[in-house]
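Only the coordinates and a few stated rules stand behind these numbers; no lab work does. As the structure is a prediction and not an experimental result, all values here were calculated from the model. Using ideal geometry, Cβ is built from the backbone for each residue, glycine included, and neighbour counts are taken over all protein chains shown.
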Amino acid sequence: MPRKTNKTSHVMNLITNGSAPEPEDTADEKQEEAEQGKQDVKAEGGTLKEPIPRITASGDKTVVVVNDTSQNENISSKILDRLTDQLEEEIQGKLDNYHMVNVMEQILKRLNLSQYMKQYDVCMCSRCQADVTALILTRLPAKYVVVDESSTAPIIGYYESKYKVRILTEIIKACMDVKENPRHDRSSPYDK
C-alpha cells in the first residue's frame, strides 16, 4: 500500500502554503516513491506515459505528474469537433440569411391601407382589402432585391421615399376602382 497520506498532505501543503519545509529524503527514497507512483497508475488501469517533472516555486523539490495523453487527446478531439461544428453552422447561417424581398409589398405592409380605404369610403371586408392591395401591386413596378436581414429596412426606406408619389397615386386609384366595382358580391373571382 503506498504512502498516499504523506504525498497528499505534501501536495496540499504546497498548494496552500507555497513551499513548506519537509525533511529531506535520500535519493533512494525519492526513487522508490517515483517507482511506487508508476505502479499505482498501472494498478488503476491508466496508461503509463513518461512522467513529466515539474519544479515548484522553491526550486529544489520536484513533483512527478503522470500524463495520460490518450484521455486528454480524446477530450480535446471532442471539444475541437464541437467547436468546428458550431463554426460551420454559424458560417452556414450567415450565408443562409440572404433572402428575396418584394420591395413594393413590404412598403404596402408598412403603410396603413385601411386608413386610406376608410378615407375613400371603400368596403372594409377582407375581399375588398385584398383587391385594393392586389391592384396597387399590379400597377406599381415590380421591385425584387436580395438582401441579408440586417439591411432590409434601409432598402425598404430608400424605395419608399423614391416611389412615394407613385405609391400614393396607385393607392387612391385602387381605392376608387374597388369602391366603384366591389367584387365581394360576385360568385367567381374573375367575373367582371
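Numerical summary
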{"item": "Distance between modelled label sites at Val146 and Leu80, nm, 7 Å Cα→Cβ extension", "result": "3.6 nm"}
{"item": "Per DSSP, loop chymotrypsin sites (Phe, Trp or Tyr not before Pro) in segment 87-186 with at most 13 further Cβ within 10 Å", "result": "Tyr98"}
{"item": "Using a Förster distance of 30 Å, the FRET efficiency for Leu111-Glu90 (Cβ separation, nearest 0.05)", "result": "0.25"}
{"item": "Projected label distance in nm at Lys173 and Asn72, using a 7 Å step from Cα toward the beta-carbon", "result": "7.6 nm"}
{"item": "For segment 68-179: relative contact order, % (alpha-carbon pairs under 8 angstrom, 6 or more apart)", "result": "37 percent"}
